[in-house]
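Read-outs throughout are calculated quantities, based only on the coordinates presented, and are distinct from any laboratory measurement. Note that the structure is a prediction, hence the values are computed from the model and not measured. Neighbour counts are summed over all protein chains in view; Cβ atoms, including those assigned to glycine, are modelled from backbone coordinates with ideal geometry.
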Amino acid sequence: MSAFSIAAVALIGVPLTAGFQSKYALVNALFENGWWWAVAAGMFSSLLAVVYMGRMLEAIFFRAPADPSKRHKAAPMLILVPLWILAIANIWVGVQGGFVAGLADDAAASLFIGGGS
């Protein structure tokens with residue numbers, strides 16, 4: 001459940017997650033080009049993400065189960081290990097995003113400018 005929560009706050013764009021880094025870069029690029037309507041659309045989509053992810057987190061953590069006799073089983077390690085690797089990578093990119101941003105800049109330059117370094 002914790003890894004799902006990390007993914008949810010990243011989707012919303014909470015600071016110190018990869019989702020915040022990407023939304024911040026996107027909004028900066030939109031501001032530079034004067035695309036105010038796209039900035040508003042992005043902020044609206046983030047607000048929608050707050051609503052639906054908030055409802056899921058509330059249902060998971062704060063509501064009583066409909067049938068308390070049914071216990072949930074723990075997920076197998078084959079699912080948990082990749083999930084936690086992604087959750088940790090999400091936080092790492094949120095804190096140390098410069099490395100990934102540099103890779104993305106190099107990739108964009110080679111694709112759109114017509115050459116690599």
Exercise. At 222 nm, what helix-only mean residue ellipticity would the chain give, in deg cm²/dmol to the nearest 500, using -39500 (n - 2.57) for each DSSP H run of four or more?
Worked result: -25000 deg cm²/dmol
Exercise. Relative to the longest principal Cα axis of the chain, at what angle does helix 36-61 sit, 0 to 90 degrees, rounded to 10?
Worked result: 20
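Over the residues of region 41-94, compute the C-alpha Rg and express it relative to 2.2 N^0.38 Å.
After normalising by residue count via 2.2 N^0.38 Å, the value is 1.54.
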Problem set entry | Dipole magnitude (debye, nearest 20) for the chain, charges at Cβ of Lys, Arg, Asp, Glu | 600
Problem set entry | Between helix 2-12 and the chain: long-axis angle, C-alpha atoms, 0 to 90°, nearest 10 | 40
Exercise. What order do you get for ASP105, ASP67 when you list them from fewest to most C-beta neighbours inside 10 Å?
Worked result: ASP67, ASP105
For this session: Report, to the nearest 10°, how far helix 98-112 tilts away from the longest principal axis of the Cα atoms in the chain, using its own Cα long axis and a range of 0 to 90°.
Result: 50
Seminar exercise, completed: The percentage of Cα-Cα pairs in the chain separated by more than 19 Å is 62
Problem set entry | Selection of trypsin sites (Lys or Arg not before Pro), region 55-84, meeting DSSP coil and at most 16 other Cβ within 10 Å | ARG63, LYS70, ARG71, LYS73
Problem set entry | Listed peptides 87-100, 38-51, 13-26 by packing density, highest first (mean Cβ within 10 Å) | 13-26, 87-100, 38-51
